[in-house]
Amino acid sequence: ARLCAIRDDKGVNMAATVTFLSAWGSAISAGLGAISAISSAQQQKAAANYNAQVAENQAIASRQQAAANAEMQRRSSQRQIGKMEATYAASGVTMEGSPMEILEQSAREAELDRMNIIYSGEMGATGAQNTAALERSRASNAMTSGYTSAAGSLFGSAGEYDFSLTRQ
């Protein structure tokens, strides 16, 4: 629908003025919408990057804790095996045959326990690293989404403008 050319007492086309101001209002609104979309995306990116760093720190902590626990387990096992050897020696048992097999089996089981502790820490670290990778992906996607929303806001506003109203 075309607006009628209404002129004020100075000869200014009021319809064109209203159309012009409306267009500028839409442009400003679209610009603010675009800025808001990009700002929101930057905040989402920052939050996702922070979460990624937290997950990376968790991976490091998981490995360090596993290493410390494995070392404590190794020392404890060495003390236990040492006590077993001392007990055998005090009771006059020689370190051959069954007593030796028992000590060797205890040492194997202790090493298996130590390796399981390390493995558990690695699994925790891998999970945390996967979380970090997912968060970094979210950070990247947030910016892409923000730019897409900003462009949609700008182009959507331009599509709403009726250029035929400016031709009088």
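The values are calculated or read from the model by the stated rules, or taken from the named source; none is laboratory data. Not measured: the values here are computed from a predicted model. Quick reminder, even Gly has a Cβ in these numbers, built from the backbone with ideal geometry, and neighbours come from all protein chains shown. Just the protein is used for accessible areas: all its heavy atoms, side chains included, with ligands, DNA and RNA removed. Shrake-Rupley method; radii C 1.70, N 1.55, O 1.52, S 1.80 Å.
Here are a few things to note about the model shown:
- Tensor-based shape of region 70-134 (alpha-carbon gyration tensor, a/c under 1.5 rounded, otherwise prolate or oblate): prolate
- The slack between residue 32 and residue 116, meaning 0.36 nm per residue of separation minus the straight C-alpha distance, is 24.6 nm.
- Ranking 115, 72, 100 by solvent-accessible area of protein heavy atoms (1.4 Å probe, all protein chains present), from largest to smallest, gives 72, 115, 100.
- Ranked from largest to smallest solvent-accessible area, with a 1.4 Å probe on the protein heavy atoms, 91, 153 come out as 91, 153.
- Accessible area in the full protein assembly, largest first, 1.4 Å probe, for 50, 147, 88: 50, 147, 88
- At full extension, residue 39 and residue 143 could sit 36.5 nm farther apart than now, given 0.36 nm per residue minus the alpha carbon distance.
- Region 25-168 shape via C-alpha gyration tensor axes, a/c threshold 1.5: prolate
- Local net charge near residue 146, Cβ-Cβ under 15 Å (Lys/Arg +1, Asp/Glu -1): +2
- Förster-model FRET efficiency, 41 Å R0, residue 81 and residue 54, C-beta, rounded to 0.05: 0.55
- Cα→Cβ-extended label distance, 7 Å offset, between residue 123 and residue 105, nm: 2.6
- Extension gain, residue 94 back to residue 71 (0.36 nm per residue minus Cα-Cα distance, nm): 5.3 nm
- Counting Lys and Arg as +1 and Asp and Glu as -1 over every other residue whose Cβ lies under 12 Å from the Cβ of residue 111, the net charge comes to 0.
- Lys/Arg +1, Asp/Glu -1 at C-beta; region 26-168 dipole; positive extreme among 59, 90, 77: 59
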